[in-house]
Amino acid sequence: MIKNFSQRLAVWQKQYGRHELPWQRQGGYATWVSEIMLQQTQVQVVVPYFQKFIQEFPTISDLASASLDSVLAHWAGLGYYTRARNLHKAAKIIVSDHHCEIPKDLDLLVQLPGIGRSTAGAILSLGFGLRGVIQDGNVRRVFSRLFCIQGDLSKATAQKILWELADQLTPKSGPDACIHTQAMMDLGSIVCRRRKPTCQLCPFADDCQANQRGEVMLFPEPNRVKQRPDETWVVLQLENERNETLFLRRPPEGIWGGLYAPHIDSSLSKIGEQIKTVDVLEAEYQGELTHAFSHFKVHLEHYRLRVHSQDITEVGMWRSIDRLKKGVPGPINKLLNI
Ligand code: SF4
């Protein structure tokens, strides 16, 4: 084990860590919202979304009593909408079962939708100043390099080792545990970066096994996630006599679940099977863009068809594309405005 790890890390954090993030020292609710937003999303992207979200839903009761539409609208652009749906569900549970108070207990926290063990650890330590152990992507990467942990880090054997290390290295109590959590996150994102780590600035350069062996870039081993083949999606914008576009609510589960978008399918004829009242093959091509999801890319092709509202029987909202921005997936907004 590395000597005086948490003390040395705390000294480093004080001098070089991040101290001005808008969710820091703002309590459990702000920590929880930020932690959920930060899953799969970078800090600089999250900051403006976090600020607007907290302005709109300043308390747990505000979030719980808001409509899902409104929550999703404030999430639009951040992606991974299941996170927003879970946040909303969990807020309702906190209001109904926990008297509007986020539980300060690991076992109760992990029962809430969208909160895993690491997020719960972050809420406890960063939000409440209690002991909480985390193991996010940054921590995994730092540990895999410090201790040369091989193999797929998402597998049970590696997970066990990583959680044991995280537990052993986290101070046993109080405010030190809180600093430790922030410091681990900072070390991973400022110094021990995935690409181009700056080992010469690392407080553990002499302890780090991967650095000593000159094998830093071999850790962690890349995940062998199966890449889904790229797809083409046709987006058909039906536009009525008032220049309004028909937006349909997407099914709750799946990509862009619960958000509003024009018809989307793999081809115009597929969409035609759905809308039998007009000839979709007369639609005009408008342009395209490529959007990358985490494990596949989609080529979005945009077509527009002028119609009369009374010819369309499907239930949706006719809105001007300038007016309906919130609640529409970011790439669709971009595509419609090309
Ligand atoms: S020495 Fe380099 S690889 Fe090792 S923990 Fe520090 S930054 Fe990461």
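The values are calculated or read from the model by the stated rules, or taken from the named source; none is laboratory data. Note that the coordinates shown come from a computational prediction; the quantities given were computed from them, not determined experimentally. Please note: Cβ atoms are built from the backbone with ideal geometry, for glycine as well, and neighbour counts cover all protein chains shown.
For region 134-180, the set of residues classified as within 18 Å of residue 224 (Cα to Cα) and part of a helix (DSSP H, G or I) consists of 137, 140, 141, 144, 156, 157, 158, 159, listed by residue number. The set of residues in region 291-314 that are in a strand (DSSP E or B) and free of Cβ contacts under 8 Å to residues at least 40 places away in the same chain contains only 292. Residue 211 meets each of the listed conditions (1) crowded, with 19+ Cβ neighbours inside 10 Å; (2) part of a loop (DSSP other than H, G, I, E, B); (3) among the polar types (S, T, N, Q) apart from (2). Listed here are the helices (runs of 4 or more DSSP H) enclosed by region 27-75 that have at least 2 residues being at pLDDT 95 or above and under 18 Å from the mean Cα position of the chain (by Cα): 27-38, 43-56. Residues satisfying the criterion are present in region 185-198 (criterion: within 29 Å of the chain's Cα centre (by Cα), within 16 Å of the ligand (Cβ to nearest atom) and among the small types (Gly, Ala, Ser)). Restricting region 136-160 to residues that are surrounded by fewer than 21 Cβ atoms within 10 Å (Cβ to Cβ) and among the polar types (S, T, N, Q), the residue that is nearest to the ligand (Cβ to nearest atom) is 138. The set of residues in region 32-79 being hydroxyl-bearing (Ser, Thr, Tyr) and touching a Phe, Trp or Tyr at 6+ places or on another chain (Cβ under 8 Å) consists of 34, 41, 49, 59.
Taking residue 253 as the residue in question, decide whether it is within 22 Å of residue 85 (Cβ to Cβ) and modelled with pLDDT under 95.
Yes: the conditions hold for residue 253.
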